[in-house]
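Q: This is the structure I want to talk about, given as structure tokens.
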Amino acid sequence: MEILSLLADGFAVALTPQNLFLSVLGCFLGTLMGALPGLGPANGVAILIPIAFSLGLGPTPSLILLTSVYYGAMYGGRISSILLNIPGDEPAMMTCLDGYPMAQQGKAGEALSLSGVASFVGAFVATCGLVLLAPQLVKIALLFGPAEYFVLFTVAFATLGGISSTNQAKSAFAAALGLGIAMIGSDSQTGSQRFTFGHIHLYDGIDFLIAIVGLFALSEVFIFLEHHRGGAASAGTAKVGRIMPDFSMIKRCIPSMARGTGLGFFAGVLPGAGASLGSFLAYSLEKQAVDRDGKTFGKGDPRGVAAPEAGNNAASGGALVPMLALGVPGSGTTAVLLAVLLQLNITPGPLLFTKNPDVVWGLIAALFLANFILLAMNIPLVGIFTRVLMVPTRILMPVVAMISFVGIYSITGSTFDVMLMVGFGVAGWLLRKLEVPLVPVILGILLGNQMEVNLRRAMTISDGDWLILVGSPLTIILWIIAITGFVLPMLLGRRVKKRMEAARNEEEFVGD
């Protein structure tokens, strides 16, 4: 009953005219950005961060806008997957396998609407899971001391490469780079300057937002400049056709949605697993459950659209659980959202639910509203969202660059910070060319200071005895999770990735 009361208070916050408008706006913009191949939810949120802060929105409105963009981008990723066979982001890759064949059969509208319904089911159930599970995790987190928190942050770094990662050395290098950047500035205990080289602008360290916008948004612009992509593929080649699927089709897909939602939410809650794994597991399980002989899957089976869409959207909701309850992001996009929370002077973790109940419950209520808004928006406005695929990239990328420059300058008022953002953009472009993941870099910048502070506190408590880091059953369990999360991708990651690529190649062969 207490949860229902808190949720009711959250709806009182979310249903104010301003917050409701921001939720609708975020859902619309997120769907547009999700539809554009290559952008995805992390880039979409990063691009809009400067706008949210330059408008002077408060903590709750800013979070409502950006999380609505997050949910909207997860919905929108299916549009280019179904119409063009080009995934909007990695989690939407499995939707291509049956979504594009449905489009070729003249059922693009039905595939888009069915995927919208599946996305709603996955995200709505995941938000319910967030309401039930996050407060329970908070109770466990209250048992954490400095040593436990240090090991918990180590778990985040060890697992954020994801189960589909095949090169953990690059993930480790990226994490070390992020931790090194976090050390720039004043020492939190002694006040001495570290790695500032006498430059006054670096005395306070490097702002999260500058790094995030540079690494995600500007690096995308540099990738575009390198390849000189003149325009987006035309959506006119795939006719949307009939919008509403038959009720019998939806009824046949309900078990697929249920199974995909359960797997997706579980994958989202695990740090580092994320929506890609949720989507892959949902599709693979569904294929084994209903089409072991491969007679219908990969040839336009609606269940092959419903399962991965429910899975990746459930994972997006599940990834918010460890971020809000423990302060550890469950995916790349939640790492960006974690930076937003810290920038707003809100510390996620066990005290968030007691110190800032209006923020956290208002945010959760807004997520419920966003699901209904997206369901209502995605079916009748499918035609509008498909037209965004016709926007030439040569027009889109200058807009992204303009938002980045104007937004960061309006927040900091410093030309040095703008140049620093450009430097991060170049670094992001170089890291992407070398296939070094960007998320561990961001995580290192975000958690580096907290990791250092907790390690020092643990050493002070133990009088310099390093055994305190393995001195409780909880720390030992966390070390086992960290080691398993780091080693498992090296053993299974290549196999998982090969299966994903094989399924995609097989579908393309059948399509040809």
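Q: Under 13 Å from the mean Cα position of the chain (by Cα) and in contact (Cβ under 8 Å) with a residue 40 or more places away in the chain: is that true of Val359 in this structure?
A: No.
Q: Return yes or no: is Ile181 aliphatic (A, V, I, L, M), without any contact (Cβ under 8 Å) to a residue 40 or more places away in the chain, assigned to a helix (DSSP H, G or I) and in contact with a helix residue (DSSP H, G or I) (Cβ under 9 Å, 6 or more places away or on another chain)?
A: Judged against the criteria, Ile181 is not a match.
Q: Let me ask another. Kindly establish whether Thr190 is surrounded by 17 or more Cβ atoms within 10 Å (Cβ to Cβ) and hydroxyl-bearing (Ser, Thr, Tyr).
A: no
Q: Please find, within the stretch 29-47, the residue that is farthest from Ile212 (Cα to Cα) out of those that are aliphatic (A, V, I, L, M) and without any contact (Cβ under 8 Å) to a residue 60 or more places away in the chain.
A: Looking at residues that are aliphatic (A, V, I, L, M) and without any contact (Cβ under 8 Å) to a residue 60 or more places away in the chain, I get Leu29.
Q: Quickly run through the stretch 443-489 and pick out the residues that are under 32 Å from the mean Cα position of the chain (by Cα) and of a type in the set (Asp, Glu).
A: Of everything in the stretch 443-489, just one residue is under 32 Å from the mean Cα position of the chain (by Cα) and of a type in the set (Asp, Glu), namely Glu452.
Q: Any idea which of (1) modelled with pLDDT of 80 or more; (2) surrounded by fewer than 24 Cβ atoms within 10 Å (Cβ to Cβ) is the one Leu351 doesn't satisfy?
A: Leu351 satisfies all of (1) modelled with pLDDT of 80 or more; (2) surrounded by fewer than 24 Cβ atoms within 10 Å (Cβ to Cβ) except (1).
Q: Could you identify the single residue in Ala314, Ala319 that is surrounded by 21 or more Cβ atoms within 10 Å (Cβ to Cβ), free of Cβ contacts under 8 Å to residues at least 60 places away in the same chain and at negative phi?
A: Ala319
Q: A further question on this structure: Suppose we keep only residues that are more than 30 Å from Pro437 (Cβ to Cβ) and either of a type in the set (Val, Ile, Thr) or touching a Leu at 6+ places or on another chain (Cβ under 6 Å) (or both) within the stretch 1-60. Which one would you say is surrounded by the most Cβ atoms within 10 Å (Cβ to Cβ)?
A: So the residue we want is Ser23.
Q: Here is a follow-up. Might you let me know whether the stretch 67-75 holds any residue that is assigned to a helix (DSSP H, G or I) and either over 20 Å from Ser23 (Cβ atoms) or basic (Lys, Arg) (or both)?
A: No, the stretch 67-75 contains no residue that is assigned to a helix (DSSP H, G or I) and either over 20 Å from Ser23 (Cβ atoms) or basic (Lys, Arg) (or both).
Q: While we're on this one: Just give me the residues in the stretch 246-262 being modelled with pLDDT under 85 and under 29 Å from the mean Cα position of the chain (by Cα), in sequence order.
A: Across the stretch 246-262, the qualifying residue is only Ile250.
Q: Are there any pairs with C-beta distances below 9 angstrom linking a residue in the stretch 64-87 that is closer than 17 Å to Ala310 by Cβ and of a type in the set (S, T, N, Q) to a residue that is at pLDDT 85 or above and in a helix (DSSP H, G or I), with the two at least 6 apart or on different chains, and if so which?
A: So the pair list comes out as Ser81/Ser115.
Q: Considering only residues that are of a type in the set (Gly, Ala, Ser) and in contact with a Lys or Arg (Cβ under 7 Å, 6 or more places away or on another chain), which ones fall in the stretch 89-105?
A: Selection gives Ala92, Gly99.
Q: Could you tell me which numbered condition Thr67 fails, if it satisfies all but one of (1) among the polar types (S, T, N, Q); (2) buried (at least 22 other Cβ atoms within 10 Å of the Cβ); (3) over 15 Å from the mean Cα position of the chain (by Cα)?
A: Among (1) among the polar types (S, T, N, Q); (2) buried (at least 22 other Cβ atoms within 10 Å of the Cβ); (3) over 15 Å from the mean Cα position of the chain (by Cα), the lone unmet condition for Thr67 is (3).
Q: Let me ask another. Condition first: modelled with pLDDT of 80 or more and farther than 22 Å from Met33 by Cα. Now tell me which residues in the stretch 385-421 satisfy that.
A: Selection gives Tyr409, Ser414, Thr415, Phe416, Asp417, Val418, Met419, Leu420.
Q: Which one is nearest to Leu447 (Cα to Cα), of the residues in the stretch 198-224 that are surrounded by fewer than 17 Cβ atoms within 10 Å (Cβ to Cβ) and at pLDDT below 80?
A: Applying the filter and picking the extreme gives Asp204.
Q: So, one more: More than 18 Å from Val305 (Cβ to Cβ), of a type outside the set (D, E, K, R), in a helix (DSSP H, G or I) and at pLDDT below 80, is that true of Ala46?
A: Considered against the rule, which asks whether it is more than 18 Å from Val305 (Cβ to Cβ), of a type outside the set (D, E, K, R), in a helix (DSSP H, G or I) and at pLDDT below 80, Ala46 comes out as no.
The values are calculated or read from the model by the stated rules, or taken from the named source; none is laboratory data. Bear in mind that the values here come from a model prediction, so they are computed numbers and not experimental data. All Cβ positions, even for glycine, are placed from backbone atoms using ideal geometry, and neighbour counts span all protein chains on display.
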